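Since the structure comes first, as structure tokens, the remarks are kept for the end.
The values are calculated or read from the model by the stated rules, or taken from the named source; none is laboratory data. All figures in this text were calculated on a predicted structure; none of them were measured in a lab. Counting neighbours? That spans all protein chains shown, and the Cβs are built from the backbone with ideal geometry, glycine included. Accessible surface areas use protein heavy atoms only, side chains included; no ligands, DNA or RNA. Shrake-Rupley method; radii C 1.70, N 1.55, O 1.52, S 1.80 Å.
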Amino acid sequence: MTVDLILLGLLVLAALWAVLSVRLMMSVIGLAAVSVAVSLLMFRLDAPYAAMFELSVCAGLISVIFFVAISFTKRLTAEDIRTHRKERLRKTVWLPFLLAGLAILLVARLKSPGFAPAPDPGGDVRTLLWGGRHLDLIGQIVTLLAGAFGVVVLFKEKNR
Amino acid sequence: MQSLLILVPLVCLMLFNLPWKRGVGQAVSFGAGLAFLAAQAAAALWAMLSGGEPFADPLAGFLVFKTSADGLTWVMLLTIAVVAASSLAVSRAAFTDEKDRFYFANLLFVSVIGMNGAALSGDLFTLYVFFEAASVASFILIAFRRGMAGLEGAFKYLVMSTVATVLMLTGVGFFMLAGAGTSFAEVRAACLQSAHPEFARVGGLAFMAGLFIKGGMVPFHGWLPDAYGTAPGPVSVLLAGIVTKATGVYGLIRLTGSVLPMMPEVQTLLMTLGIVSIYAGALAAIGQSDYKRMLAYSSISQVGYIVLALGCRTPLALAGAVFHLLNHAVFKSLLFSNAAAVESRLGHNDMNRMGGLQAQMPWSSLSAVIGLLSTAGIPPLGGFWSKVIILLALWQAGFHAAAVLALAASLLTLAYFLSMQRRVFFAKGTETGSAVTEAGAAYLWPQLALAGLTAAIGIGFPFVYRFLLTPIQQLLW
Amino acid sequence: MNPSTLLIPVFLPLAAGALIFLLAKAWKGSGAVLSLAATAGMLAVSALLFGKEGTAALPWAGFGLDFVCRLMPFNGFILLAVSFFAFCTALYAASSLKGKSIAPHFFGFLMLSAGFAAGAVIADHLVLLLFFWEGLLGSMYGLIAMGRKDAWRTAIKMFVIVGVSDLCMMAGIAMTGHAAGSLVMSSIHLPVEGLNTLAFLLLAIGGLAKAGSMPFHSWIPFAAEDAPLPFMAFFPGALEKLVGIYFLARLSLDLYGLQAGSWVSLLLMTVGAVTILLAVLMALIQKDYKKLLSYHAISQVGYMVLGIGTASAVGVIGGLFHMLNNALYKSGLFLTAGMVEKQAGTTDLRKLGGLGKRMPLTAAAFVVFGLSISGVPPFNGFFSKELVYDAALERHWVFYLAAVLGSFFTAASFLKLGHAAFFGPAKPEHRDVREAPWPMLLPALVIAGLCVLFGVYNTLPVHRFLAPAVGEEALAGHHVSGMPANWMLVAGTLIALAAALLNHRYGVKRSGAGLGAADHIHHAPGLSGVYDRAERQAFDPYNHWTAFVGVLSRILNAADRGVNALFDVVSVSAAKTLSAGTRRLQSGAYTAYVLWSMAGLAAAAWWMFR
Amino acid sequence: MNLAGIPFFDACGIAGALLLAAGLYYLLVTSNLIRAMIALELMIKGVTLFLILAGRVTGRQDLAQALVITLIIIEVVIMVVAGGLVLGVFRNTRSVGSRQIRNLKG
């Protein structure tokens, strides 16, 4: 369908944008665009809750984190641009794409299953998350706590 | 009772951070930490000896925790408690600042919750979630002092660990494609009977590759020496003793022991990786001049034995792998405590600038000797028995070449450890006759307790075998 | 009886030993007190256990290696005897080592030895037996090495000789386990044939070496000079014989069925006969009280080995009875040596003489022991020797002759010893010598009393201890107590004794002193050269062996130096190169680490889906 | 649901794989630690998409969404911590180049 086609194209373009742009800020914006594209694809794949999270947290919060990080190191930008221009064509360029090609070939060789759209999902994510995966939630809470300590410990000025 | 092992420390963690008066939170966190870890060790021991939990889960009707516990879980919980308690004890002396001690205790709790959760979970994704909790705590702990070395180690660990989680999640995705959910039972069923068995295989490989990185198998090990070597003393005790074992190696044991079906390719893969790790780790350790970095490489080498045994995939080998994990946790945290003690006295880890510490630090020297003998597998210490079991299992299963190679590597182990002992303690060197004093009680007690433990495991081997290893042998399916 | 009571005689002294080592610094007298208490407890428990049967098992090393102990008639009385002698040693050492610096360690090792010996006696698993066997070896090493300044040489000699024999035993155990399919002793019953013969011989070497039979004897005379006296009094004479001969008897009666008249039986008998004769000939010419006794300690083993080697019920009972008797009078004799040394300051016979008047009780005890060991009726040695003679004569008259000749020389040497030490003219420097103190005298007198008791009332030990051990049916109505039925045997013995007496008188008359009573044999044409070389230890297998090993090691060393250079250069540089290689891979850039991981993943993927 | 001859689901899978590859490429070539963080983000995006896809084609959207929500939370925490580490490097060396963290070798 056209929408899907546009979305996929957008995703690939955004990824390339993030990877190839010489300005760090543009890279971050590219990443946010990737997030948006992935989020929209999730809507198309019948995963609205995940899509909402992706949109709000990844496209939003994480971009903010990156902006903050960049603002801390703003004055390095010019130098970074110079180096990245050179680095974009390093010798290892081929490797990830080789791996991706291999992966795609592998999946293709595993006789593409040609999945039919699955029947209407039986369960609801809320029931599952709040009813069946308590342990994951506890894990999230603990990880968040760890993140909070990380902020406290790592963002403090080093005491000399 | 299982849920309490996760919830009690979580509640504790929240209580610590209430706005207490200055100093109270620190004292409370230390005391409560030790008390909880002691209780955990006691519960695990109880479960091993009696074959059942001390009491039923009081929250069973309230929370839907899909926890599961078997012999392997109890061994892990015991190991976690022992190592974390030693690390906590060492931290008391290693961090001079009160606030540092407080944050260390908190992060240690996070890490313990992460590891407990991983040990108790029966689900691949939950495993990943708790691994992340423990790993995030480790990233922060490695960079705890915000010095350049620690930051470097932590960032490398973070990068590699994230790559590992991506691989693991890819594995989960492939398992789902193969028609499974994420729980062990479903994945096992899907591996055996699936419309798309290839997907199950790809998933298994991807998940295993993630675990290889987390467990530090050669050639997936790049981050490990940096992380272990640069972390503050008590953190490397925790990290080397248990965190990477509870995340990477434990996951591998679960996955290959009781989730994935028998696959000859996987067996060969694991055994190759095991042998490569044993030798590469030992060889790299020989050339080190940094005490902690050498221990880190030695860890790689020792984990190689565990993976080698996993590749053998017989009940006895599985028991040997788990037993070696326990032993390794004990003697490696002993050695890292020792390194922390030496570092605290000299201010550096460079073995070329040590030497002759025997006279000034006799107890530390003694504990180092016990640790290295146990690592090299000298009877009657614990390390001897686990290596013997692994070699025996390999031999019985017909992997004679692997057994011989593994045995020969013991020589390398002995070589680098004896050279370490000589350069640090015995031989004359820069520190001969210097004014260095023996490390304080907070450093010595954990070391001596761990030394006693490794000796006790060795001497009480029959009981260990009966209560600890026999149940594990039945886990293999 | 609660089966775990059985473990008390093993663990009580072991615990006491550990405690003594711990307390040695803090509490000086702990050794004596704890040892006495522990051995008294051990003795009481063994006495309670005597005559009972039972099995106690603890889980041990896994893999079917259980800590199985079993009490049965066979080892019940040995356990009792071990406990008794351990108690005597502790009692005696408490007095003789009082205030000496080695005392705490002596008691520590003594308790370990007692525990290990008891364990070796009641163990019902060959590996467990070996464990205790080796433990005993270790604690004996400690006991010898703490003696005089150079005692460690003797200790090493003992360790090498007994250790090598233990290695043989280990091989024997492995072979036995393979043949029988089990290592539990009470379930092993094998015939001596084929490969089993080799296993039997290997195991027998272990027993013979522990008992101190030839050719595993050569450390004992040196220990007599070097080791602390309480060790010498009870170990080579009593404890070791008890353990070693017990094992030999158990081996040939129970584990393996030794056939009378088979070549293995003949071999054992030959070893016994040769041991009797050679050792007693060496004893005859000694000029030192303790050294003379030590050769007798070897010679007497010969009778036991000979008796057991006959493989007849009478012979085995004779051997075991002789072991019991020998333990009594030999430890008694060493006790008298100790008293003489303590009171007169020396054991050199050339400096002794006429002590009988100064130390009448010691002299009296010596006389009883001397008569016992020489086999004069009605002392205990007579009865056990008669049984051995009887069995030996049944096999071949050569063995009988050797045994009787041994008897003759034994009597002759004790006549010489007694004459030189206690009778004859008193030396002037011994004017102030007094009778030994009571704590030292008492054990000797008690043991002397037992010698007389076991002689006059020999039915008691034979029926109470020995017959149940061998089993009534094996005796098949044989008459084994009281005076021998065959009066020819008695006559033979009496003739030998009379000849010894005449020989002594001749010798004394010829040389003019008690000490020289054996000189005419010593310097007899043909014999004197042999004796000279024996004195220079030319016949000591240990020396030959060490010399051989010395040459061998020199050759190997030369070869080794070449190989060593190869290793030093090649292997070290190989390790260094490889190490440097692995370290170079660790470039420090995380991108490299990611690349490595991905390469590893790609290789693994290729491997799994190729 | 076809996409120029390629089934839509396969196309989504390929897109996920491309995201992974792009992330890996970026991680390997860049010498800026912040860019390395972006690279890790890209890889995680790829796997997120893949998980949702796997849930969709097997009819387990509920499970896939539950996993992805958890994953997103953890991802944020990791990025925060990584940001803290990069900040630490910057404070120490006044640079965020990956050359700054190449001191531990051998």
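When the criteria are applied in full, A:Leu98 meets the requirement of being within 24 Å of the chain's Cα centre (by Cα), at pLDDT 70 or above, more than 7 Å from every other protein chain (Cβ to nearest Cβ) and closer than 29 Å to B:Val202 by Cβ.
Residue by residue, here is whether (1) modelled with pLDDT of 85 or more; (2) under 24 Å from B:Trp445 (Cα atoms); (3) surrounded by fewer than 15 Cβ atoms within 10 Å (Cβ to Cβ) holds:
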position: B:Ser3; (1), (2), (3): no, no, no
position: B:Cys12; (1), (2), (3): yes, no, no
position: B:Pro19; (1), (2), (3): no, no, yes
position: B:Phe30; (1), (2), (3): yes, yes, no
position: B:Leu34; (1), (2), (3): yes, yes, no
position: B:Ala42; (1), (2), (3): yes, yes, yes
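Taking the conditions (1) modelled with pLDDT under 85; (2) closer than 19 Å to D:Val81 by Cα; (3) more than 10 Å from chain D (Cβ to nearest Cβ) in turn, A:Phe72 satisfies each one other than (3).
Here is a check on your reading of the model: is A:Arg23 in contact with a Ser or Thr (Cβ under 8 Å, 6 or more places away or on another chain) and either basic (Lys, Arg) or not assigned by TED's automatic domain parsing to the domain that holds A:Gly147 (or both)? Judged against the criteria, A:Arg23 is a match. Counting only residues that are in a helix (DSSP H, G or I) and facing chain C (nearest Cβ under 8 Å), region B:209-223 holds 4 of them.
Taken over region A:33-45, the criterion of being open to solvent by less than 60 Å² (accessible area, probe 1.4 Å) and at the interface with chain D (Cβ under 10 Å from one of its Cβ atoms) is satisfied by A:Val34, A:Ser35, A:Ala37, A:Val38, A:Ser39, A:Leu41, A:Met42, A:Leu45. Just one of (1) touching a Phe, Trp or Tyr at 6+ places or on another chain (Cβ under 9 Å); (2) away from chain D (no Cβ under 13 Å); (3) open to solvent by less than 30 Å² (accessible area, probe 1.4 Å) fails for B:Glu198. It is (3). Taking the criterion of being of a type in the set (Phe, Trp, Tyr) and surrounded by 24 or more Cβ atoms within 10 Å (Cβ to Cβ), the residues of region B:100-121 that qualify are B:Phe104, B:Phe109.
Look at (1) under 23 Å from B:Leu335 (Cβ atoms); (2) buried (at least 24 other Cβ atoms within 10 Å of the Cβ); (3) touching a residue at least 40 places away in the same chain (Cβ under 8 Å) and you find that B:Arg92 fails only one, number (2).
Scanning region B:253-267 for residues being within 8 Å of another protein chain (Cβ to nearest Cβ) and of a type in the set (D, E, K, R) gives a total of 1. Checking each residue in region B:268-315 for being within 11 Å of chain C (Cβ to nearest Cβ), open to solvent by 10 Å² or more (accessible area, probe 1.4 Å) and assigned to a helix (DSSP H, G or I) picks out B:Thr268, B:Leu269, B:Thr272, B:Leu273, B:Val276, B:Tyr279, B:Ala280, B:Leu283, B:Ile286, B:Arg293.
Being polar (S, T, N, Q) and more than 30 Å from C:Gly353 (Cβ to Cβ), is that true of even one residue in region C:295-314? Within region C:295-314, one or more residues are polar (S, T, N, Q) and more than 30 Å from C:Gly353 (Cβ to Cβ). Annotation note: of C:Leu405, C:Leu441, the sole residue that is more than 15 Å from C:Glu341 (Cα to Cα) and in a helix (DSSP H, G or I) is C:Leu405. Listed by position, the helices (runs of 4 or more DSSP H) contained in region C:101-207 that have at least 1 residues being without any contact (Cβ under 8 Å) to a residue 12 or more places away in the chain are C:126-145, C:151-180. Residue count for region A:1-32, restricted to those that are surrounded by fewer than 21 Cβ atoms within 10 Å (Cβ to Cβ), touching a residue at least 40 places away in the same chain (Cβ under 8 Å) and not β-branched (Val, Ile, Thr): 4.
Restricting attention to region B:316-344, the residues that are more than 19 Å from B:Leu475 (Cα to Cα) and surrounded by fewer than 24 Cβ atoms within 10 Å (Cβ to Cβ) total 2. Are any of the residues in region C:378-391 open to solvent by 10 Å² or more (accessible area, probe 1.4 Å), over 16 Å from C:Gln300 (Cβ atoms) and in contact with an Asp or Glu (Cβ under 9 Å, 6 or more places away or on another chain)? Among the residues of region C:378-391, not one is open to solvent by 10 Å² or more (accessible area, probe 1.4 Å), over 16 Å from C:Gln300 (Cβ atoms) and in contact with an Asp or Glu (Cβ under 9 Å, 6 or more places away or on another chain), which makes the answer no. Residues that are more than 19 Å from the chain's Cα centre (by Cα), buried (at least 24 other Cβ atoms within 10 Å of the Cβ) and hydroxyl-bearing (Ser, Thr, Tyr) within region C:323-350 comprise just one, C:Thr336.
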